[in-house]
Every structure is written in structure tokens, then in C-alpha cells.
Amino acid sequence: MTESLPMYLVLGIMIVLVILLISDRIKPHIVFLGSALALMITGILDPKVFLASFANESIATIFVLILLTAALNNNFNIIKYLDTIFTQKKKPRLFLFQMTASVSLLSSVMNNTPIVAMLIPYILRWSKKMKVSPSRLLIPLSFAALAGGMITIIGTSTNLVLNGFIESKGQQPFAFFDFLVPGLLVAGSSVIFMSTAGYFLLKDRKNPSDIVKENLKEYLVEIALSPDSIHVGKTITQAGLRNLQGVYLAEIFRNGKMLSPVTPDEILEQNDRLFFAGDTTDILEIVKEESGFKFPKTEHFNLQGQLEIVEALIPYNSNLSGRTLKESSFREKYDAAVIAIHRNGERLSGKLGEIKLSHGDMLMLTAGKNFDKSMSGDSDLYKISIKEKLGKVDKWKSQILAGVAIASLIGMISGFLPFFVGILLILATFFGLRLMSEQELLKNLNIDLFLILGSAIALGTAFIETGGARFVSDAVIDVFSAYGNISVIIGLYLLTVILTSFITNAAAVSIVFPVAYEMSHSLSIEPHAIYLAIAFGASCSFLTPFGYQTNLMVYGPGGYKFNDFLRIGIPITLIYSIACLAYILIHFNIKA
């Protein structure tokens, strides 16, 4: 009993962890970290193992991909290209179908983590623009990547790990297309379910950061309409500037006159100056669409279209206070143009250049090349952060970046470069070319996700090493082995699903494979039928947020609760399981 005590303690802590996550009273990263800490206090988990869990290559890969995605989004108009793929802009369920189907097909030949990392920011923008809660889209994104990975043997590393185990025992490994038919069945049924009934099962949730943004500062932002804009001659409604989320069109300056209020049928004209009030993030998205809206007074910076959006503060003792931008010669002094002003507790109106600045004002600037040099030693204006970058990257920088990216991809595909090293090299090139700053790095690091991932790996290690995983495995096999071949297949599958919900897919396969191998010799069942059940069970990670890394990646941005995964995870697990098990039992003619 004494020898089994660590195992029972681990099982008990895992049960408490699940209960706390379901209750949703404590933040997930605190629950995971607290569980790992409890195991360290009892001496079950070695602190060195805990620390080593955070140095795990999978965790590092996820964060490099997140940073790489942020760098791409900041410097290139990825949204424009994705919009050409996902055409159903105003029909959420059709968009969901397009998105999940595309992701499933991509995941069959690509690592699913970068696919999910690339699409999370896009889906967040799309859902905000279309006034759809991202919580209805992000879990399906992760689940589509999981299901699509089963279409081919290379779709997920777990299949390759299992194939390695099979080869190590001298048995015939899976061929490339052995997964094709069952994979298409599970991916197809999953996509159809998620884009129909699954859409309504998920509740509208708010990302915690969005809740904070709702209470953040409101800016008065100025943008100009180019003479060649596609919106010239359109009404406000036709141009999509009516009922914007987080921002509204307050005034239009035209031919020396200010139009206010702006009616929905007001027709836009060349060189109109539009003044918006609200969240600057939404305004940046309007300019990014490249439909003829631009920030005024920035042409003289000669930045080849590359604009850096900077947030700055006017301190209490600033000489700028009480003066307009023109009176203070702001552009000449700082090599920057003010595109937005925020004054706490006051709704501003009128032309930005005519507003008298006040201490405590927050300014949004488009900065020129000499901005940082102009700010050196200046006490009238404090630079707070770089908000975003807009426009095109210098051609020579794009060429270098493309060259490094192509060389890295070739190296990764050929096996010369490990995947982690390849993507890290691309990220390092962004930093080397000054296309990403330290501020942007810190902005995109999610410490909560880091704590969850590292703690989850440590808990999984303890679960295996104390014999907890083997205990669960033996219990399931004892129950099912007495009821014939069909029940054995189902039992092994369910065992793998249970394990993969709490530990990594590869770890689940590692535990179940020895049991499956022994059974393949003692029972009259085709070995590939048993191994296929394990493979599909290991990727059936729909029940918990920590069942798979992409689930954890969407957990925070979607504002999800643990119950959200159960709500949609239980039915999709049933659909996925019926599809793959029916294929296995029929294809291999397994009888009771």
C-alpha cells in the first residue's frame, strides 16, 4: 500500500484538477501550477523534472510559432490573402465550414500547430468585424486540425510515433494511405457537425482581454480618403462604415466644413477627412484593408509605405500642454504625425490640428525615421509603446526574409534542420531585419499559457512514472477483455481516449502499445486493426482543453470555460468514435 501511495495521490490530484477546472472558480494556470506544486511538496514530483518540463521542445515550438505568426501579421497583409480563401464573410456557419474543411485538409500534410497559430489572429479579427463571438469558431479550428491530422500517416506526429513502435517489433508498418478512408470519415463528419449543430452548442464568450478593452481609452482618430479609393461615391453604409464594433464615425471634414452628425446615406467624396471615435485597433483594421483609407500627413516621412504606429503620453510638466499641434511644430520637432488623441473623461471633436493639447493626453503617432532620435532627451513627450506597423516591408528585407524562409523550409523537409531550429531561424531573421522589436515580443508572450503547458507536461510525467497510467490501463483492459474481440478493440480505443485527455498523445500511445502488442499475439485479431484503434484514440482529444496543444492555444483567446469543451467535445467524440470504430470493425471483419 505504501508503494502505491504516490500513485493514488497523483490520481487524487488529477481528479481535483478536473473538478476545479469544471467549477471554473479558479484561473486555469493557477489550477495547473497549484497541482504541480502539491506534487512537489509531497515529494512525488522532482523540482528538476518540473523545471525541465518548461524547457520542453514542444512548448518552445508553440511559442516560437506564436511569435512568428505575430511577426508575419505585423509586417504583411496576411488577412488580405486569407480573405480570398474564406469568401463567406457574412455567413458565420458557411465561413465555419470553409475554415474547418480547409484546416482539415492542410493538417493532413502539415503540422497542425502552425496552422492553428496562423489562423487564431485572423479568426479573432473576422469575428470582431462580423460581430460573431470567436468562441463559436476557435474550438472548431482546433478540432478540425486534430481530425484532419488523421487523414494521412504524416498528418500528426503521433501516427509516426506509433509506426516506429510497430517497426521496432518487426511488424509491417502502416503505409501512407492506410489512414485515408477512416481519416476522411472522421474529418468529414467532424466538419459537418461543427458547422451545423456544433455552432449552436458553443456559447458566446468574451476574451478577458476584450473585456478590458471595452473599458479602455477612447481615441479621436483621423483618416483620409484617397482620390482613387474604391469607396469614393459610396454612401457611409455601402462603404461598411456604419454600425462598426468598438468605433463610430463622428465627423467628416470636407471643403473647409465639418459635417456632423454623419448620416448613413452621406456620400463619400475624394480627399474627405474622416474622424472616428473609439478603439484604435478597429481603425487600424480599416486602413489595413487597403481600400483607399490612409493616415494623413505621413507622405513626407518617405518610408516606402512602411508606417510605425506609436503610442505616446504628454507628461504633467510638458511644454506641449496648452498648444495645438501646429503651434508646437509637432511634425517638424518629432518627425511624427498625430493621427489620434485621447483625453481621459472627455469626448473630443473637430480637427486634430486645432485641438489644444493637455497634460495626460495620449497620442497615437505615425513615426518617421528620425522619431526615436528626436525623442532622445526630450521631456515633453514620453513614448509608451509601438502599437503596430502598417504598410509594405522594404523590398530588400522581403527578399532576405524569403530566402531564409525557403532555405529553412528545404532544410526542415530534407531533415537537415530540426523543425524547431528552422522556425527559430526564421524568427531570428525578423529580429535581425528589425521587423520585430523586443516590445512586440513581450506583447505576444502569453505567460498563462506557458504555465499551463509546462505544468501539464510535469503532471503527465508524474501520472506515468508513479504507475497511475498503467493502473488505469489495466483496469480498462480487465473490464473489456472478457467480452470478445469487438469489446477488446473498443476497450483499447476508450483507454487511449481517456489517457490522451490528460497526457500527451505520444505518451498515451507509449502506454497502450505494449498492451496492444501482447493482445495481437494472444487474440485472433489483425494487428493493424488494434493499432489503428490506438492511433485514432490518441488523436481523439476533444474532451478537455489540455488534451492537445492546439486546444490550449485557443482556450484563452476564445474566453472558454472547461465546460465548453465538454459541451461540444462529448458529441464530437461520439461522432468521431463511431466513424473510425465502424470502419475498423467492418474493414477488418472483426466479430465478437
Problem - Rg followed by Dmax, in Å, when the chain is reduced to its Cα trace - result: 27.7, 90
Problem - Cα→Cβ-extended label distance, 7 Å offset, between LEU409 and LEU51, nm - result: 4.0 nm
Exercise for the section: Note down the nm distance, to one decimal, between modelled labels 7 Å out along Cα→Cβ at ASP474 and at ALA582. Expected result: 3.7 nm
Practice task
Compute the FRET efficiency between MET40 and VAL109 as 1/(1 + (r/R0)^6), taking r as their Cβ-Cβ distance and R0 = 25 Å, and round to the nearest 0.05.
Solution key: 0.05
Problem - SER398-LYS203 FRET efficiency (beta carbon distance; Förster radius 60 Å; 0.05 resolution) - result: 0.90
Handout entry: Degrees, to the nearest 10: 468-480 long Cα axis against longest axis of the chain
Key = 60 degrees
Exercise for the section: State, as an integer percentage, the relative contact order of the stretch 93-243 based on alpha-carbon contacts under 8 Å between residues 6 or more apart. Expected result: 27 percent
Practice task
Please identify which residues in the stretch 135-168 have an amide N closer than 17 Å to a label point set 7 Å out from the Cα of ILE192, following the Cα→Cβ vector.
Solution key: 144, 147-148
Exercise for the section: Give me the accessible area per residue for the stretch 106-162, probe 1.4 Å, as a whole number in Å². Expected result: 26 Å²
Handout entry: Ranked by how many other beta carbons lie within 10 Å on average, peptides 447-458, 533-544 from highest
Key = 533-544, 447-458
Exercise for the section: Work out the length of the dipole vector of the stretch 315-438 about its Cα centre, built from +1 on the beta-carbon of each Lys and Arg and -1 on the beta-carbon of each Asp and Glu, and round it to the nearest 20 debye. Expected result: 280 debye
Exercise for the section: Report the extension gain between ARG25 and ASN370 in nm, rounded to one decimal, defined as 0.36 nm multiplied by the number of residues separating them, less their alpha carbon distance. Expected result: 119.2 nm
Problem - Quotient of C-alpha Rg and 2.2 N^0.38 Å, computed over the stretch 97-198 - result: 1.21
Handout entry: Packing rank of 98-104, 36-42, where each peptide gets the mean count of other beta carbons within 10 Å, highest leading
Key = 98-104, 36-42
Practice task
Could you sort out which of LYS131/LYS203; LYS326/LYS383; LYS131/LYS356; LYS294/LYS351; LYS356/LYS443; LYS294/LYS333 sit more than 24 Å apart by Cα distance in this structure?
Solution key: LYS131/LYS356; LYS356/LYS443
Handout entry: SER379-SER168 pseudo-label distance in nm [points 7 Å out on the Cα-to-Cβ vector]
Key = 6.8 nm
Handout entry: Where a label projected 7 Å from the Cα of ARG273 along Cα→Cβ would reach, residues of the stretch 351-372 with amide N under 15 Å
Key = 351-357
Exercise for the section: Can you tell me how much longer the chain between LYS326 and LEU445 gets when fully stretched, taken as 0.36 nm per residue apart minus their C-alpha distance, in nm with one decimal? Expected result: 39.0 nm
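The values are calculated or read from the model by the stated rules, or taken from the named source; none is laboratory data. Quick caveat, the model's predicted, so the values are computed rather than measured. As a convention, Cβ positions derive from the backbone with ideal geometry for all residues, glycine included, and neighbour counts pool all protein chains shown. Protein only, heavy atoms only, side chains kept; ligands, DNA and RNA dropped before computing areas. Shrake-Rupley method; radii C 1.70, N 1.55, O 1.52, S 1.80 Å.
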